[in-house]
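Some notes on the structure that comes next.
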Number of protein chains: 4
Amino acid sequence: MAIEGTHSKTAGRIRLGMVGGGQGAFIGGVHRIAARIDDEFELAAGALSSDPERALASAKELGLDPDRSYASFAEMAKAEATRADGIEAVAIVTPNHMHFPAAKAFLEAGIHVICDKPLTSTLADARKLAAIVEKSGKLFVLTHNYTGYPMVRQAREMVQSGVLGTIRLVHAEYVQDWLTEPLEKTGQKQASWRTDPAKSGAGGATGDIGTHAYNLGCFVSGLELDSLSADLDAFVDGRLVDDNAHIMMRYKGGAKGMLWASQVAPGNENRLCLRIFGDKGGLEWAQEDPNYLWYTPLGKPKQLITRNGAGAGAAAGRVSRIPAGHPEGYLEGFATLYAEAARAIRAVRKKNGRIPKDVVFPTVADGLAGVAFVAACVKSSKKNGAWVKP
Amino acid sequence: MAIEGTHSKTAGRIRLGMVGGGQGAFIGGVHRIAARIDDEFELAAGALSSDPERALASAKELGLDPDRSYASFAEMAKAEATRADGIEAVAIVTPNHMHFPAAKAFLEAGIHVICDKPLTSTLADARKLAAIVEKSGKLFVLTHNYTGYPMVRQAREMVQSGVLGTIRLVHAEYVQDWLTEPLEKTGQKQASWRTDPAKSGAGGATGDIGTHAYNLGCFVSGLELDSLSADLDAFVDGRLVDDNAHIMMRYKGGAKGMLWASQVAPGNENRLCLRIFGDKGGLEWAQEDPNYLWYTPLGKPKQLITRNGAGAGAAAGRVSRIPAGHPEGYLEGFATLYAEAARAIRAVRKKNGRIPKDVVFPTVADGLAGVAFVAACVKSSKKNGAWVKP
Amino acid sequence: MAIEGTHSKTAGRIRLGMVGGGQGAFIGGVHRIAARIDDEFELAAGALSSDPERALASAKELGLDPDRSYASFAEMAKAEATRADGIEAVAIVTPNHMHFPAAKAFLEAGIHVICDKPLTSTLADARKLAAIVEKSGKLFVLTHNYTGYPMVRQAREMVQSGVLGTIRLVHAEYVQDWLTEPLEKTGQKQASWRTDPAKSGAGGATGDIGTHAYNLGCFVSGLELDSLSADLDAFVDGRLVDDNAHIMMRYKGGAKGMLWASQVAPGNENRLCLRIFGDKGGLEWAQEDPNYLWYTPLGKPKQLITRNGAGAGAAAGRVSRIPAGHPEGYLEGFATLYAEAARAIRAVRKKNGRIPKDVVFPTVADGLAGVAFVAACVKSSKKNGAWVKP
Amino acid sequence: MAIEGTHSKTAGRIRLGMVGGGQGAFIGGVHRIAARIDDEFELAAGALSSDPERALASAKELGLDPDRSYASFAEMAKAEATRADGIEAVAIVTPNHMHFPAAKAFLEAGIHVICDKPLTSTLADARKLAAIVEKSGKLFVLTHNYTGYPMVRQAREMVQSGVLGTIRLVHAEYVQDWLTEPLEKTGQKQASWRTDPAKSGAGGATGDIGTHAYNLGCFVSGLELDSLSADLDAFVDGRLVDDNAHIMMRYKGGAKGMLWASQVAPGNENRLCLRIFGDKGGLEWAQEDPNYLWYTPLGKPKQLITRNGAGAGAAAGRVSRIPAGHPEGYLEGFATLYAEAARAIRAVRKKNGRIPKDVVFPTVADGLAGVAFVAACVKSSKKNGAWVKP
C-alpha cells in the first residue's frame, strides 16, 4: 500500500465495535492504534470491560457515545445489529476464554469479527466457531499480527515463487523472559490470566506465543503439519501451564521443523524468529528487527533485503507505508491486518463481491489450526513426546 | 506515555489543518499517520496543493469537508481564523521555501504551527520567523521527528544525568544513497525539488538530512555549536546543491565533533547515527535500529538498553507505546511530536497555562539553529573550510 | 596465558608426531598451525598418509627427517618408542575409523595422544579406548577445539560461579550448508569420507558437528545428559548418513535442551551457537563471532563481554593472547588445546606431577560421551524418537 | 594460500633476528607468533631489550642460542652479517624512535628488514630511511598488519576490478578508549612511551592508530592523498600528544574522505573501520569482525561476503588458511605479512629474482606516506585546520 492508498474516504470509515480493551488492558489499545493508522475504521461502540463501571469510564475516555457503551457483548451485538448506523465489524480483545462466546454472538448478529489469538481456549470451541463462521457468511480475521510485517510477506512470496526450492526445514522460536520468576503470584494482570488454564486454555507459552511461531512457520512455508513431538515444562514452581516448550515437527511432504517457545529465557524480550531452508536457498527473519530479511541463494553471498528496499517485491511493497531505512514496527504490522480487513469488508459489501486475491489475513481456519497445535503439544507431552497429529 | 495515555477525549480531538501533502507528496501522509496514532487530532481543513484541482481531489480522498479545502494557505488562514470550529493548529508540509510564508500567515492568524524541517530555505527568513513566533505567542513545533524516538530521549536523559561525565565528542552522520545517480534529471518529484536551490535552499544533503544529524547531536548532548569547518561536494555532474558534506565541529566548552551527510553512498538507506562520548562513558544509536541504545560505562561491558526494557528510564518510557521487544518505528517517533504538541496545546489553552516540563519538542529556535548551520556549512566550504560561526 | 607465557624453552619444545594430515588433508594442517602458535611443540615424526608415496612427499614438504617418516602408524609407534629422541606425544588426525587403532598403538607404546574428534567410529571402540587410556596412564587430549575459545571458557566460569542461577535450558546448534547438494557424488574428499558410514561412523551431521554442539553444551553448563529424543534425516537422495538432526534433550537434574545439527541449511557456514539460561541470567555465544559473549542478568540490560575486555574473567584471560578488540579466531582456540596439552605433559613429566587445576581440555571421557550421544541419536531416531539414554 | 601452501621446507626456514620484543613488551610477541603461523621463519638471533639483563633473560626464555643474544642492535647487525648462518631478515619491534637507527644498521649490513609501524618518529628520518632502503637493494616490509586481513585484500581487489565504479568517498576510523583517563601517569609501559613525543613522534593517536586507518584507506582505494585539514586534541589534561584527531581529506582526482582516530571514546576497543563508496557500489569492513565484508552494488541488496565463502575472490583466498565460518583473526592477518615477506625473500634470493606480482605488502614508501600524514595532521592542526599537503 502506498501511504493511505488503501482507504477510500468517499465511502467513509468503517464503523467498528470493541469487546474488551478497557482501562488496564494491553492489547485493546494496540488494536485501536492499529485500526487508526490507515484511517479505515472509526470506533463507534464498545463493551470494553466486564466490570460495568470500568466499561463506562473507558468508553468516556475514548470519546464513545455513552449510548453505545454496553454492559455486555451480548447486549452490544443485539443493539448494534438493529441500528441503522450499527457497527459493521467488531474487534474482540478479551482474555482467550471469552473469544468464543463473543465471536459467536456477533457472527450470528451478522457482524464481521476481528479477533485476537488464540482463537479459543479449547479445541471444542474452536471447532464450533469454525462452523459458526462458515454458516454466518461473515468475515473472520484472526490477528496473528506478525503476518502483517512486510518482510514476512516478502518471505512468503519468495517461498511461493520457488527461489528456495523444495522446503526441507522450518525453524521457529518465540522466546521471552518475563515469566522467569513467578510474576503471577504478585497479582500482575497479564501474568495472572495467562497462567490460569481456565482463562488461557491448556497451553501456557505454547498457546500464548508458540501459536504465533507455529502460525508464522506455516504462513511463510505454506506447509501443513503432519505430527509433532513435544516436551513441555513449567519451570516455575506451582505454575499451572507450560512456560517452556520444546517441539519437533514433521510436515506433510517430508519437511521437518523445530519450534521453541519459552517465557523463562533471560535476555529475550520478544524473540520471534523464523528460519526456512530449501534445497536452493535459505531465509532468516527476526521480529525484533522486522525490516530485515536475510536471504541466501545456495552458493552465493547472503543478501540483506530491506522493507521497501532493493530486492523487495510486490507483496511486501503493498503493505509498506514509508521508504526503506525508516523502520516500521509492530504497530504498523498490526495495522496491516486492519487494512486488509477493511479491503475485505469493502469488497464483500458489493453484490457478489469477492475479496481481492492479494488481500491476505489469517482466518478462522488458521485459528483452529493453532488451537489444534496447542492441544497436540499438550497431548504429546503427556504421552512422553509421542508423535501426535493435530 | 502509556498507550493512549496522553489524550483526553472528553476535551475532544484537536482540529488540525494541513498545508501541502496532496496527492503525490510523501511527508504529508507521514504527518497524517503521526497525527492519528495517538488520536489527539482530527484533520479538519487543508490547502493540500498549490494546484487547485489536485488540492480538491486530495481533500476529497481524505474525506475533508469540501468547504474547508482551500486553494491557498492564505485563504485558509483567513477563513479558519474566523470560524467557530476553525482549526487550532496547522501542519505545514510543503517544500522548504514555502514554510516561511505559510507559517507567518497562520501564526499571525493566531493558529499554532507544526512545521516540517528545515525551518526555512534562507537564514533571513528563519530569523524573521523566529521573531514572528515570539510576537505571536503561538506554539511552533518543528518536526525534527528523530527527537521523538524513545531511545533518543533515553540518550538525552543519560547525558543530562551525568552518567557520561563531561562530553568530549559528538559524532553524527546521516547517509543515504538515493541520489548516487542524477535522479533529478528523470523528473522524480522528491529529487527535483530537493536539488533545486530555489525550493530547498542553499544546502542539499546539508539541509535535507545534515540538519537532522546536527539537531540530533545538539538535542542529545545539550551542547551548542561554536564553529564549524565544512567541505561540501556535488559529486553528480550538474547538481546545483551539495550531495555530500564533511564537517568538523567545535562546540562551546571544548567538545569536538564530526558530521557526515551524504546522499551518494551506496548501501545506505537512512543511516542516521549518533555516537557521543564523555570522560565516563559512551553512547551509540542508529535510526535504522531505533529500539536499541548502546551504552558503555568506562571500564565496564557495553550494555544494550532497549525501549521499555531493563535500564530504560522515565524519559523513554513516557513516549513508548508497547512493551520491549515489540519494535516501534519511524511513524511512532513522528507521532510522539504530535502527542507532545497536543499536550502543549491543551496546556496553553488554559488561562496562564504552562507547558509541562516533561513535554519536549523542537522549536523555532532549533529551526533557526538548523538553518544557521546550513548557512555556515555553505559559507565555510566556499572559504575552503575556514572555521565559521553559525 | 600472556603471549608465549606458557611455554618454557629452557625445557625445550615437546617432540610431536602426527598420524594422518598428509597432502590434500584439511585438519592436519590446522593441528600443525595450532601446535606452532604457542611454540610448545616441534613436529618430529609422521605417518602422514596411508599412501606411502604421499606420506613421504608430505614429510619432505614439512621438512621432516626422512628417517622419521613412517609408512604406518604401527611402525611409527614402535620405532619412536625406542628412540632416545622419540616423540613424547602424537597427534591423530585421520578419518574417524582410524582413531581407535592409532590411539591404541601409541598409548600402548607409552606416548601421549592428542586425537581429533569424534573419539571413534563405534561405541564399542570408544569404550575399549577409554579402558586403554586408563590402563596406559598416558594423557589423552581430544580436540573438541571449540572448548579452547576464550569466551567459551568465560561462559563456563560464569555458570560455575553461579551468576546464572540454576540452569534450566541449554540450546545448541551447529548448522552448515556445504552438503545441501550431493557433493559426495563429485568425489570431493571431505564429503566422501564424512558420508561413508564405514569411515565416519553411524552418524553423519550428528557425528561430524552434532558432537561439537553436544560437547559444548555439557562443557559450559556442567550438565550431564539423562536421555534424548532424536529425529534424523538424510535429505539428500541416496545419502547413507544423516545430514540433519533434530534432538530434544533431558539433562540430569531437570534441565532441558534442544540441539540442531544440519549440513543442508543454505546460508550457514559454521554456525555453532550456544544459549544457556538459568533462573538468574542467560548467555549467548556464536562460534563465527567468537570474541563476544552476551550475558543478561535477569531484569538488567544485556551486556557484551569481550575477550580480554571489561567483564572477562581469569578463565578467559588465561587463554587469550592479544588485547580486546583484536580478534582471535579458530586457530587460536585450537592452539589453546595444544597449549593446555603442553602444560599437562610438562606437569606429568615430573615425579608425582599433577596437572594444574586450571588446565582444561576434553578427555577420553568426553570423547566416549560424544560417541554415546551419536549412538543414542541413531537409536532414538530408529525408534521414532523414543527417549534413549546414552 | 592453502594451509602451509606458501612455504617450502626443502629450502629450510628463513633465519630471523629481532630487535626489541623482550619481556614486558607487547608487539614483539605478536610478531613471533605471526612468524610461526605459516612456519616460514625461525628465530635465530635477538637484541631483545636495551636493558642487557632483560635482553639475556628474554633470549633464554625464547630458547635462543646465548651467543646470538646481543646487547645492541648495532652489535647484532655487525655480527650476524658475518656469520655463515647469519640471519637473513630482522624484525624491528622497538618504540618508534628506534626504528630508524635499527633499520639503517641492518639494511647497511645487507639484511632484509621487517619493521613495525609507524616507520619513524620524524619525517626527516623517514625520508632518509627511504633513501637507505633504495640504496641497499634489500627488502623492507612495514607491518601495517591490517592489510593482511583477507577481506581487506578482497576489498582492494574489488576496487581494482572496477565493481565500485569511480571512488568518491573514503571513510576510515580507528577508535579506542584505553587512554580516556591519564593512564600514562600510572607508569603503564604502553601508555608511557606512546604519549611521549620523544619516543612516539609528534603524533599520538594520529601516529599510533591514525596511520593504520590512513594506510588502510589508501591500500584499499588505491587513492593518493592530495591534502588534509586536521583538528587535533589532547582531551586528557597534561597529555603531550593528541588523543583525538578529526581529519578531512582530499584525494588526488577528486575523491574526499574523513578520518577519525581516537583513544578517548569509551566503548571502543579497536574499532578500525573502513567504508568506501564509488558511483556503482559501496563497501564496509570492520577490523573487529574481520571475516565479513559488506558489499552493496548500487540499487541491489547489500551482500555479505565472507572469508573463503561465496563471493570471495582470489586475492582473499590466497591469504586464507581455513574454511569460511571458521574465523581467522588478528594474528593470522599479521602472519600473512610474514608469509608475504617469506615469498619475497625466497624470490629475491634467486639471481634476477623478482617478487611475484600477487605478493603484496606495505613498503618503506607506505611508511613514508604514513609519517608524512602524521606531520601534515600536526601542521594543519597548528594552523587551525588549514589544508596541508603531505
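The values are calculated or read from the model by the stated rules, or taken from the named source; none is laboratory data. Model, not experiment: these values are computed from the prediction. All Cβ positions, even for glycine, are placed from backbone atoms using ideal geometry, and neighbour counts span all protein chains on display. Surface accessibility is based on the protein's heavy atoms, side chains included, excluding ligands, DNA and RNA. Shrake-Rupley method; radii C 1.70, N 1.55, O 1.52, S 1.80 Å.
Report yes if C:GLY110 is touching a helix residue (DSSP H, G or I) at 6+ places or on another chain (Cβ under 9 Å) and in a loop (DSSP other than H, G, I, E, B), otherwise no. Yes: the conditions hold for C:GLY110.
Among the conditions (1) modelled with pLDDT of 95 or more; (2) touching a helix residue (DSSP H, G or I) at 6+ places or on another chain (Cβ under 7 Å), the only one that C:VAL175 does not satisfy is (2).
Only one of the numbered conditions (1) within 28 Å of C:VAL374 (Cα to Cα); (2) of a type in the set (S, T, N, Q); (3) free of Cβ contacts under 8 Å to residues at least 60 places away in the same chain; (4) open to solvent by less than 20 Å² (accessible area, probe 1.4 Å) is not met by C:SER58, and that is (1). In the stretch B:254-263, the qualifying residues are those that are small (Gly, Ala, Ser) and in contact with an Asp or Glu (Cβ under 8 Å, 6 or more places away or on another chain), and the one that is nearest to the other protein chains (Cβ to nearest Cβ) is B:SER262.
Condition check for C:PHE219 on (1) open to solvent by 40 Å² or more (accessible area, probe 1.4 Å); (2) more than 11 Å from every other protein chain (Cβ to nearest Cβ); (3) more than 21 Å from C:LYS383 (Cα to Cα); (4) touching a residue at least 24 places away in the same chain (Cβ under 8 Å): one failure, at (1). May I ask you to verify whether B:GLU108 is more than 19 Å from B:ALA342 (Cα to Cα), open to solvent by 10 Å² or more (accessible area, probe 1.4 Å), modelled with pLDDT of 95 or more and more than 14 Å from every other protein chain (Cβ to nearest Cβ)? Taking the combined requirement at face value, the residue satisfies it.
Name the residues in the stretch A:118-130 that are in a helix (DSSP H, G or I) and either buried (at least 24 other Cβ atoms within 10 Å of the Cβ) or modelled with pLDDT under 95 (or both), would you? A:ALA126, A:LEU129 - these are the residues of the stretch A:118-130 that are in a helix (DSSP H, G or I) and either buried (at least 24 other Cβ atoms within 10 Å of the Cβ) or modelled with pLDDT under 95 (or both). Only a single criterion out of (1) open to solvent by less than 30 Å² (accessible area, probe 1.4 Å); (2) farther than 24 Å from D:LEU337 by Cα; (3) touching a His at 6+ places or on another chain (Cβ under 9 Å) is not satisfied by D:CYS115, namely (2).
Does the stretch C:349-370 contain any residue that is touching a helix residue (DSSP H, G or I) at 6+ places or on another chain (Cβ under 6 Å), closer than 22 Å to C:ALA261 by Cβ and small (Gly, Ala, Ser)? Looking through the stretch C:349-370, at least one residue is touching a helix residue (DSSP H, G or I) at 6+ places or on another chain (Cβ under 6 Å), closer than 22 Å to C:ALA261 by Cβ and small (Gly, Ala, Ser). Entry remark, the stretch A:145-167: residues being among the β-branched types (Val, Ile, Thr), assigned to a helix (DSSP H, G or I) and over 22 Å from A:HIS326 (Cα atoms) number 1 in total.
Would you say D:ALA376 is within 14 Å of chain B (Cβ to nearest Cβ), of a type outside the set (S, T, N, Q) and open to solvent by less than 50 Å² (accessible area, probe 1.4 Å)? Judged against the criteria, D:ALA376 is not a match. Residues in the stretch B:234-253 that are touching a Leu at 6+ places or on another chain (Cβ under 9 Å) and among the charged types (D, E, K, R) were compared, and the one that is nearest to the other protein chains (Cβ to nearest Cβ) is B:ARG250.
Residue by residue through the stretch C:264-288, note down the ones that are of a type outside the set (A, V, I, L, M, F, W, C) and within 12 Å of chain D (Cβ to nearest Cβ). Of everything in the stretch C:264-288, those that are of a type outside the set (A, V, I, L, M, F, W, C) and within 12 Å of chain D (Cβ to nearest Cβ) turn out to be C:PRO266, C:GLY267, C:ASN268, C:GLU269, C:ASN270, C:ARG271, C:GLN287, C:GLU288.
Name the single residue, out of those in the stretch C:131-167 being among the charged types (D, E, K, R) and farther than 21 Å from C:PRO290 by Cβ, that is surrounded by the fewest Cβ atoms within 10 Å (Cβ to Cβ). Ranking the candidates gives C:LYS135 first.
Rundown of residues vs (1) open to solvent by less than 10 Å² (accessible area, probe 1.4 Å); (2) assigned by TED's automatic domain parsing to the domain that holds C:ILE87; (3) at pLDDT 95 or above, yes/no style:
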| residue | (1), (2), (3) |
| --- | --- |
| C:VAL19 | yes, yes, yes |
| C:ALA25 | no, yes, no |
| C:ARG32 | no, yes, yes |
| C:SER50 | no, yes, no |
| C:GLY63 | no, yes, no |
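Considering the stretch A:313-363, the residues that are open to solvent by 20 Å² or more (accessible area, probe 1.4 Å), outside any loop (DSSP other than H, G, I, E, B) and assigned by TED's automatic domain parsing to the domain that holds A:ALA202 include one that is farthest from A:PHE26 (Cα to Cα), namely A:ALA314. For the stretch B:289-312, the set of residues classified as hydrophobic (A, V, I, L, M, F, W, C), surrounded by fewer than 24 Cβ atoms within 10 Å (Cβ to Cβ) and more than 8 Å from every other protein chain (Cβ to nearest Cβ) consists of B:ALA312 only. Among the residues of the stretch A:168-188, those that are open to solvent by 10 Å² or more (accessible area, probe 1.4 Å) and assigned to a loop (DSSP other than H, G, I, E, B) comprise A:GLN176, A:ASP177, A:TRP178, A:GLU181, A:PRO182, A:GLY187, A:GLN188. β-branched (Val, Ile, Thr) and open to solvent by 10 Å² or more (accessible area, probe 1.4 Å) - does that describe any residue in the stretch B:190-201? Yes. Taking the stretch B:364-390 as the range and being in a helix (DSSP H, G or I) and among the basic types (Lys, Arg) as the test, the residues that pass are B:LYS379, B:LYS382.
Residue count for the stretch D:141-162, restricted to those that are in contact with a strand residue (DSSP E or B) (Cβ under 8 Å, 6 or more places away or on another chain) and either modelled with pLDDT under 95 or among the small types (Gly, Ala, Ser) (or both): 1. Apart from one condition, C:LEU304 fits all of (1) touching a helix residue (DSSP H, G or I) at 6+ places or on another chain (Cβ under 6 Å); (2) part of a strand (DSSP E or B); the exception is (1). Of everything in the stretch C:75-105 that is in a loop (DSSP other than H, G, I, E, B) and over 16 Å from the mean Cα position of the chain (by Cα), the residue that is surrounded by the most Cβ atoms within 10 Å (Cβ to Cβ) is C:ILE87. Somewhere in the stretch C:66-74, is a residue open to solvent by less than 20 Å² (accessible area, probe 1.4 Å), within 15 Å of C:GLY20 (Cβ to Cβ), within 14 Å of chain D (Cβ to nearest Cβ) and not polar (S, T, N, Q)? No, because not a single residue in the stretch C:66-74 is open to solvent by less than 20 Å² (accessible area, probe 1.4 Å), within 15 Å of C:GLY20 (Cβ to Cβ), within 14 Å of chain D (Cβ to nearest Cβ) and not polar (S, T, N, Q). Does C:ALA312 qualify as being more than 16 Å from C:GLN154 (Cβ to Cβ) and in contact (Cβ under 8 Å) with a residue 60 or more places away in the chain? Considered against the rule, which asks whether it is more than 16 Å from C:GLN154 (Cβ to Cβ) and in contact (Cβ under 8 Å) with a residue 60 or more places away in the chain, C:ALA312 comes out as no. Test A:GLN263 against the criterion of being open to solvent by less than 10 Å² (accessible area, probe 1.4 Å) and more than 13 Å from A:VAL152 (Cβ to Cβ), and give yes or no. Here the answer is yes, as A:GLN263 does meet what is asked.
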